[in-house]
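Student: For reference, the structure I am asking about is given below.
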Amino acid sequence: MINIDIRVKRLIGLGAVAALVWCALIYRLVDIQLVHGSTYAEIARKQSSGKMEIPADRGMIYDRTGRELAINVMKNSLFADPADKKEIEKIYSYLDKLYKKSSGYARKKFNLSPDKFRWIDRSLSDDLAARVAKDSIPWLFVSKASNRDYPFTDIGRKLIGWTNIDGKGASGLEYSYDSILVGRPGATDYLRDGNRNTYRLRDVPLVEPVAGNSIILSIDLNFQEIVEGEIKKA
């Protein structure tokens, strides 16, 4: 009888502990789902999704005969979008290896902050872009972006000018007519999994990019080349 009473007391004690555990779990579930459900949902949404800008094509520049003096070419761009300091440290370590630099190179060159977009390389080679894509490092992304190019190199370049790394006019006609040439960027959204890997971009942009307007100059490229050649001789 004594042994039976002890067993019964142990079962009652275990049952009481189990009941307390279940009550604690139910309380926590109610607290998460009902009391703070909307708050936690918003935090999860911010950590697992975001918006990405879609650059707009800059308008082109032609001479009077229609030859292209300033065009857009697609290049690889690398950017980071880390969520916390732990992710930032992993990015720094990977970039040191990617660019074959000594430890600490990326930390000095790139000032990364949690939840802040940061360009890493606006003209990434195809080889490095393929490597980043293969390695699938979370929080690092490769995108195709339009960059300015001048097919006739130095002919008329002082007149045409050039753009900066962000595609804004910095000198010459590129600067003077920047408001005409520059387009309006669009936007799309993306989703991430639990490891912060981007696994879906919206097929249809939230906002479609609008290309800039092109301009046709009154100069003739052939005459311009002759004039610049004579000026150099003189």
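Student: Quickly rank 89-97, 221-229 as a protection proxy: mean count of other C-beta atoms within 10 Å, highest first.
Tutor: Per-residue Cβ counts within 10 Å, averaged per peptide and sorted highest first, yield 89-97, 221-229.
Student: Using a probe radius of 1.4 Å on heavy atoms only, what accessible surface per residue do you get for segment 60-199? Whole Å² is fine.
Tutor: Ligands and nucleic acids excluded, the figure is 57 Å² per residue.
Student: Whole-Hz Karplus ³J(HN,Hα) for segment 88-104, in order, using 6.51 cos²θ - 1.76 cosθ + 1.60 and θ = phi - 60°, x for Gly and Pro?
Tutor: Values, residue by residue: 4, 4, 5, 5, 4, 4, 5, 5, 4, 6, 4, 8, 6, 10, 5, 4, x Hz.
Student: Output the pairs from LYS97/LYS144; LYS85/LYS144; LYS109/LYS158; LYS168/LYS233; LYS75/LYS134; LYS86/LYS144 with a Cα-Cα distance over 25 Å in this structure; if there are none, say none.
Tutor: Long pairs (Cα-Cα over 25 Å): LYS85/LYS144; LYS109/LYS158; LYS168/LYS233; LYS86/LYS144.
Student: Measure of size requested: the Rg and Dmax of segment 71-130, with Cα atoms as the atom set and Å as the unit; please supply both.
Tutor: 12.3, 41
Student: May I ask you to compute the full-extension gain from ASP84 to ILE215, defined as 0.36 nm times their residue separation minus their alpha-carbon distance, rounded to one decimal in nm?
Tutor: Separation in residues times 0.36 nm, less the Cα-Cα distance, equals 42.7 nm.
Student: Next up: Taking amide H positions as placed in the peptide plane 1.01 Å from N, state which residues far from ARG58 in sequence (5 or more) or on other chains have amide H under 5 Å from it.
Tutor: Answer set, sorted by chain and number: GLY212.
Student: While we're here: Give me, ordered by chain and number, the residues 5 or more places off THR163 or on other chains with an amide H under 5 Å from its own placed amide H.
Tutor: Long-range HN contacts for THR163: ALA170.
Student: Starting from the Cα of ARG64, step 7 Å along the direction of its Cβ; do the same at GLU228; then give the gap between the two resulting points in nm.
Tutor: In this crude spin-label approximation the distance works out to 1.8 nm.
Student: Separate question: Students often get this wrong: which residues of segment 126-153 have the backbone nitrogen under 17 Å from the point 7 angstrom along Cα-to-C-beta of PHE110?
Tutor: 126-145
Student: Show the residues, 5+ positions off or on another chain, whose built amide H is closer than 5 Å to the amide H of ASN147.
Tutor: Result for ASN147 returns VAL73, MET74, LYS75.
Student: Here's a follow-up. Taking R0 as 45 Å, what's the FRET efficiency between ARG131 and LEU20 from their Cβ-Cβ distance, rounded to 0.05?
Tutor: For R0 = 45 Å, the calculated efficiency reads 0.25.
The values are calculated or read from the model by the stated rules, or taken from the named source; none is laboratory data. Here the structure is a predicted model, which is why all the values come from computation and not from measurement. Cβ atoms come from the backbone with ideal geometry, glycine included; neighbour counts cover every protein chain shown. Surface areas here come from the heavy atoms of the whole protein model, side chains and all, with no ligands, DNA or RNA. Shrake-Rupley method; radii C 1.70, N 1.55, O 1.52, S 1.80 Å.
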